[in-house]
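*Asks:* First, the structure itself, so that you have it in front of you.
The values are calculated or read from the model by the stated rules, or taken from the named source; none is laboratory data. Not measured: the values here are computed from a predicted model. Quick reminder, even Gly has a Cβ in these numbers, built from the backbone with ideal geometry, and neighbours come from all protein chains shown.
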Amino acid sequence: MRTIVHLSDLHFGRVNALLIDPLKKIVREIEPDVVAVSGDLTQRARSHQFQQARSFLDTLPKPQIIVPGNHDIPLHNVFARFLEPLTKYKHYITTDLQPVYEDEEVAIVGVNTARSLVFKGGRINKTQVGRLREKFCSLEDEVVKVVVTHHPFDLPEGHDESGLVGRAKMAMTGLADCGADLFLAGHLHISHTGHTKRYNIRGHSALVVQAGTATSTRERGEPNSFNLLRIAHPTIVVEKFAWSPSTTAFAVSTIERFHHTDDGWTRIGN
């Protein structure tokens with residue numbers, strides 16, 4: 001079995017400081033095999049915010065798969081936004097915009113979907129999909145293949161499809177025959193677990209897990225949270241840890257279980 005702690009939308013520069021130490025504590029206690037961070041490490045891509053994010057990440061277990069979000073691109077500095085959009089991210093966080101973790105049970109690949117030309121939306125391109133295919137298509141079916149992006153491939157009910165990552169259909173079609181299993185994302189500050197059935201790809205239904213914001217004060221109607229995924233093919237268990245002000249701690253609030261069948265990943269009873 002492999003365990004992944006999935007954090008998203010940290011937004012250093014606009015965090016609830018009361019959550020930082022409890023979050024560090026519980027992630028270290030979990031002792032995950034991998035920590036995945038799906039973007040928006042900062043609020044406004046400023047140096048001191050990246051420094052705070054870096055200090056936080058340094059307290060968490062390794063290895064880590066980290067991708068940038070739209071907030072990690074400068075907003076008001078037009079020169080930096082279009083000519084050096086991820087310079088500070090690369091300096092403080094990582095120069096690797098498609099990080100990879102791989103062992104005999106899981107393969108996890110991060111993809112940068114943040115773009116300078118749009119303020120909130122994101123996009124995946126053919127080159128990025130080609131690199132994912134190169135990695136995933138060479139692996140055995142029993143290896144669970146995981147993609148980490150900031151912008152999501154599925155949406156909670158009631159959300160407009162403009163919230164999906166750009167060129168999602170192209171990406172999903174390209175990855176289906178490689179057996180992509182699991183897509184981790186954030187961006188909306190709303191936790192959600194769904195499938196890729198919206199793409200109507202015969203015989204393929206991947207699992208999409210979206211994390212809420214772990215530490216931001218912009219909670220969007222639900223408590224701060226993060227996900228813990230327990231992966232043992234053909235089963236994936238998704239545990240959501242939510243912040244409880246009364247206990248000043250993160251605790252499991254929901255548990256969802258999924259099993260892999262001939263038609264893809266299917267929800268099973270608790």
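*Asks:* Six or more apart or on different chains, Cβ atoms under 7 Å: show the pairs whose first residue is in segment 8-22 and more than 25 Å from residue 152 (Cβ to Cβ) and in contact (Cβ under 8 Å) with a residue 40 or more places away in the chain and whose second is crowded, with 22+ Cβ neighbours inside 10 Å and aromatic (Phe, Trp, Tyr).
*Replies:* 22/250
*Asks:* So which residues in segment 2-55 are touching a strand residue (DSSP E or B) at 6+ places or on another chain (Cβ under 7 Å), at positive phi and either charged (D, E, K, R) or in a helix (DSSP H, G or I) (or both)?
*Replies:* Matches in segment 2-55: 9 only.
*Asks:* Let me confirm something: among 235, 248, 149, 213, which residue is on the phi > 0 side of the Ramachandran plot, hydroxyl-bearing (Ser, Thr, Tyr) and modelled with pLDDT of 95 or more?
*Replies:* Result of the check over 235, 248, 149, 213: 248.
*Asks:* Shifting gears a bit: Identify all residues within segment 224-269 that are of a type in the set (Asp, Glu) and not in a strand (DSSP E or B); write none if there are none.
*Replies:* Within segment 224-269, 262, 263 meet the criteria.
This table checks each residue for (1) more than 25 Å from residue 245 (Cβ to Cβ); (2) modelled with pLDDT under 95; (3) of a type in the set (Lys, Arg).
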residue: 8; (1), (2), (3): no, no, no
residue: 16; (1), (2), (3): no, no, no
residue: 28; (1), (2), (3): no, no, yes
residue: 37; (1), (2), (3): no, no, no
residue: 59; (1), (2), (3): no, no, no
residue: 85; (1), (2), (3): yes, yes, no
residue: 93; (1), (2), (3): yes, no, no
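This table checks each residue for (1) out of contact with any Ser or Thr (no Cβ under 8 Å at 6 or more places or on another chain); (2) of a type in the set (Lys, Arg); (3) under 19 Å from residue 23 (Cα atoms); (4) not in a loop (DSSP other than H, G, I, E, B).
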{"position": "151", "(1), (2), (3), (4)": "no, no, no, no"}
{"position": "169", "(1), (2), (3), (4)": "yes, yes, no, yes"}
{"position": "172", "(1), (2), (3), (4)": "no, no, no, yes"}
{"position": "180", "(1), (2), (3), (4)": "yes, no, no, no"}
{"position": "190", "(1), (2), (3), (4)": "yes, no, yes, no"}
{"position": "194", "(1), (2), (3), (4)": "yes, no, no, yes"}
{"position": "204", "(1), (2), (3), (4)": "no, no, no, no"}
{"position": "214", "(1), (2), (3), (4)": "no, no, yes, no"}
{"position": "222", "(1), (2), (3), (4)": "no, no, yes, no"}
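*Asks:* Also, quick follow-up: Out of curiosity, is residue 169 basic (Lys, Arg) and closer than 22 Å to residue 6 by Cα?
*Replies:* no
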